[in-house]
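Accompanying notes for the structure given below.
The values are calculated or read from the model by the stated rules, or taken from the named source; none is laboratory data. Just so we're clear, the structure is a prediction, and the values are computed from it rather than from any experiment. Don't worry about glycine lacking a Cβ; one is built from the backbone with ideal geometry, like all the others, and counts go over all protein chains shown. Keep in mind that these areas ignore ligands, DNA and RNA; they rest on the heavy atoms of the full protein, side chains included. Shrake-Rupley method; radii C 1.70, N 1.55, O 1.52, S 1.80 Å.
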Amino acid sequence: QVQLVESGGGLVQAGGSLRLSCAASGRTFGNYVMGWFRQAPGKEREFIAAISKSGSSTYLADSVKGRFTVSRDNARNTGYLQMNSLKPEDTANYYCAARIATLSLRTPLYDYWGQGTQVTVSS
C-alpha cells in the first residue's frame, strides 16, 4: 500500500549536519504516521523520532532531542529528519517507517519500512 525509500545518508565530520529524506509512494502520505529508527552494529534498533499525520506533533528520543528535527511535506509525499551537531555515536543505519493507526507518537509500532540509509560520523 505504501513504499518508503530513504536517502541523504553519507559520511560527515563530528559537529556537522545531514538531512535524511523518506519518499513515500502508493497511497496518500498524509494518512500515515511516520517514524524514524536507527541501528548500529552490535546494538539493538533504537526508536528516535516520530511525526503525526498532519505534522502538527512530533516526538524525539532523549538521545537526539535538541539536535534532530523531524518534519514532513505531505504535498511532496516526503518525510525528513534533520540531523545537526552530529556525534560519532550517531553512526548507524537509519530507517523510516509508516503506519495508518493513530497511536501515541511514543509507541514504536509500524507496518511499513524503508530499506535504510547509512550515516557515518567521523571524529
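Among the residues in the range 103-111, are any under 17 Å from GLY16 (Cα atoms), open to solvent by less than 80 Å² (accessible area, probe 1.4 Å) and among the aromatic types (Phe, Trp, Tyr)?
No.
Answer yes if at least one residue in the range 89-100 is assigned to a loop (DSSP other than H, G, I, E, B), more than 15 Å from LEU4 (Cα to Cα) and open to solvent by less than 30 Å² (accessible area, probe 1.4 Å), and no otherwise. Give the derivation first.
Residues of the range 89-100 that are assigned to a loop (DSSP other than H, G, I, E, B), as a first pass: 91, 100.
Filter once more, keeping what is more than 15 Å from LEU4 (Cα to Cα): 91.
Filter once more, keeping what is open to solvent by less than 30 Å² (accessible area, probe 1.4 Å): none.
No: zero hits.
Conditions tested, residue by residue: (1) out of contact with any Gly (no Cβ under 7 Å at 6 or more places or on another chain); (2) assigned to a strand (DSSP E or B); (3) open to solvent by less than 30 Å² (accessible area, probe 1.4 Å).
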site	(1), (2), (3)
MET34	no, yes, yes
GLY42	yes, no, no
ASP62	yes, no, no
ARG72	no, yes, no
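Only one of these is free of Cβ contacts under 8 Å to residues at least 60 places away in the same chain and within 10 Å of the chain's Cα centre (by Cα): GLY79, GLY30. Name it.
Numbers: GLY30 fails: within 10 Å of the chain's Cα centre (by Cα).
Among GLY79, GLY30, only GLY79 is free of Cβ contacts under 8 Å to residues at least 60 places away in the same chain and within 10 Å of the chain's Cα centre (by Cα).
I need every pair where a residue in the range 45-64 that is of a type in the set (Phe, Trp, Tyr) has its Cβ under 6 Å from the Cβ of a residue that is at pLDDT 95 or above, sequence separation at least 6 or different chains.
PHE47/PHE37; PHE47/PRO108; TYR59/ALA50; TYR59/LEU105; TYR59/ARG106
Taking the conditions exactly as written (in contact with a Lys or Arg (Cβ under 8 Å, 6 or more places away or on another chain), assigned to a strand (DSSP E or B) and either over 11 Å from TRP36 (Cα atoms) or of a type in the set (A, V, I, L, M, F, W, C) (or both)), does LEU86 satisfy them or not?
On the way: in contact with a Lys or Arg (Cβ under 8 Å, 6 or more places away or on another chain): yes; assigned to a strand (DSSP E or B): no; either over 11 Å from TRP36 (Cα atoms) or of a type in the set (A, V, I, L, M, F, W, C) (or both): yes.
Considered against the rule, which asks whether it is in contact with a Lys or Arg (Cβ under 8 Å, 6 or more places away or on another chain), assigned to a strand (DSSP E or B) and either over 11 Å from TRP36 (Cα atoms) or of a type in the set (A, V, I, L, M, F, W, C) (or both), LEU86 comes out as no.
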